[in-house]
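Have a look at the structure below before the remarks.
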Amino acid sequence: MPKTNSDAETLAQPQRKKKSEALMVEGYIELDVWPYLVDLTRDVISRSAFGSSFEEGKRIFQLLEDQLVVTIKLIQTVYIPGWRFLPTKTNREVKMKHKDIKESLREMIKRREQAIKAGEESNEDLLDILVESNIREMEAKNMGMSIEDVIEECKLFYFAGQETTSVLLVWTMVLLARYPDWQSKAREEVLHVLGDSKPDADGLNRLKV
């Protein structure tokens, strides 16, 4: 939660500045919050997945997003059998990003495995949970996920979580703006439950509206 609060505060800073400038000049403001919410959810998911390796995880997720954009471009082009095997600029870019992602994740996973086996304290992030449970399975049943499987799980976590969370936040803001009475109820409940303190897990569990 503290890291999430920090991400939210970082998101709000440019918004506050832009709002103040627009109000002084025009008296009203229109904000496109989508890019900021995408950055927020990307940061939160990176922290949830990789914890202390947040910066490296964020770089990997950016590579995943770049790879997705290039792949979509390839899908939208005219299909020619065997074209994807030719060393074109786009094909080389896709393969390079794919290799970079896998190598970065593989090194990160190996470091976590070594840290857990050495008895170091867990970071309690997704990667630690995956690696630790996999080590237990291997020791108990001599079977578990390969490093390739763990890599794919990390990639899936990002693709499944980032877009859906961003869209959910946008629609929440749209509906609150559309129904100001519910917006007032939600605001009153937050102020009543949390007061001036920052959100934590216990406080969020007590929110009903």
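The values are calculated or read from the model by the stated rules, or taken from the named source; none is laboratory data. Predicted model only: the values in this text are computed from it and were never measured. Neighbour counts are summed over all protein chains in view; Cβ atoms, including those assigned to glycine, are modelled from backbone coordinates with ideal geometry. For the accessible areas, the whole protein counts, side chains as well, though only heavy atoms, and no ligand, DNA or RNA atoms are used. Shrake-Rupley method; radii C 1.70, N 1.55, O 1.52, S 1.80 Å.
Calculate, for LEU86 and ASP66, the FRET efficiency according to 1/(1 + (r/R0)^6) with r their C-beta to C-beta distance and R0 25 Å; round to the nearest 0.05.
Values: r = 21 Å, r/R0 = 0.83.
That pair, LEU86 with ASP66, gives E of 0.75.
With all protein chains in place and a 1.4 Å probe, the accessible surface of region 24-168 carries 57 percent carbon and sulfur.
Checking the a/c ratio against 1.5 first, then a/b against b/c, what shape does the Cα gyration tensor give for region 82-209? Mind dumping the intermediate values first?
Values: a/c = 3.39, a/b = 1.50, b/c = 2.27.
Since a/c reaches 1.5 but b/c is at least a/b, the shape of region 82-209 is classed as oblate.
Probing with 1.4 Å while keeping every protein chain in the model, the per residue accessible area of region 31-178 equals 63 Å².
Inter-label distance, SER122 to ASP202: 2.2 nm, where each label sits 7 Å from its Cα along the C-beta direction. What the Cβ-Cβ distance of ASP100 and HIS192 gives, at R0 = 41 Å and to the nearest 0.05, is a FRET efficiency of 0.25. Surface listing: SER133, SER104 arranged by accessible area from highest to lowest gives SER133, SER104, probe 1.4 Å.
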